Amino acid sequence: MTLARAALTAALALAVILAIGLGSALPLGGALAAPDGRVFGRDGKLFTNFRPIPQWSTLVQRYRQEQDKNARCLSGGGGASCPYSDWRALIERLRGADPMTQVREVNRFANHWDYITDPVNWGRPDYWATPGEFFAKAGDCEDYAIVKFMSLRALGFDNDTLKLVAVQDLNLGIGHAVTVVSLGGRDYLMDNQITQVIDAGTVRHYKPVFAANERMWWLYR
């Protein structure tokens, strides 16, 4: 197991420990509805307190700051020199395409970046990169999953149709991260280890640890 994969595995274990400390699943208030948390054949326990998974919650905050920086660059006439230039072109090209085409093209776009471990890339055992950081330096499994999640959000996919999922790969005995998208009542897997988008229901070697979107997350045991 590489140091980066070992760090991700340890982070998944920590999320479980911290979530247990939260006690019962936190209720959703007002009109906020709870989407189905089932993934890879397992039901998850719903939480809205993101404290146990700081990798994801801080990543979302940094991404929003990055978006603001890009918007300021564009308003200043930076154009193609601004962050996200290739990504913006992809998103604009895919607007209006059918959802499955969008999913497949986003998966292909993200997967063509090189796989680079966090210790090599960032000098840290575990680092979750923003899309802009990924486009600049590539990344590892969770970074591919983040880019795919945020790409589909940029294309208008609702949070309730998307999950970034941290899993245990039962074949390899290591931590991994993927994106799962729901379309037409079926879940599809977007995975940097698999070239094609596939039906997530056919996958038997992934055991979910936690899944998240920008509104809520689920813990699996």
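The values are calculated or read from the model by the stated rules, or taken from the named source; none is laboratory data. Note that the coordinates shown come from a computational prediction; the quantities given were computed from them, not determined experimentally. For the accessible areas, the whole protein counts, side chains as well, though only heavy atoms, and no ligand, DNA or RNA atoms are used. Shrake-Rupley method; radii C 1.70, N 1.55, O 1.52, S 1.80 Å.
I'd like the carbon and sulfur percentage of the solvent accessible area for the stretch 63-149, probe radius 1.4 Å, heavy atoms only, ligands and nucleic acids excluded. Carbon and sulfur atoms account for 50 percent of the accessible area of the stretch 63-149. Of the residues 112, 176, ranked by 1.4 Å probe accessible area with the largest first, the sequence reads 112, 176. Take residue 153: with every protein chain present and a 1.4 Å probe, its accessible area is about 80 Å².
Shape class of the stretch 76-221 from the alpha-carbon gyration tensor: oblate, with a/c at 1.5 or above and b/c at least as large as a/b.
Taking every protein chain into account, the 1.4 Å probe leaves residue 59 with about 0 Å² of accessible area, to the nearest ten.
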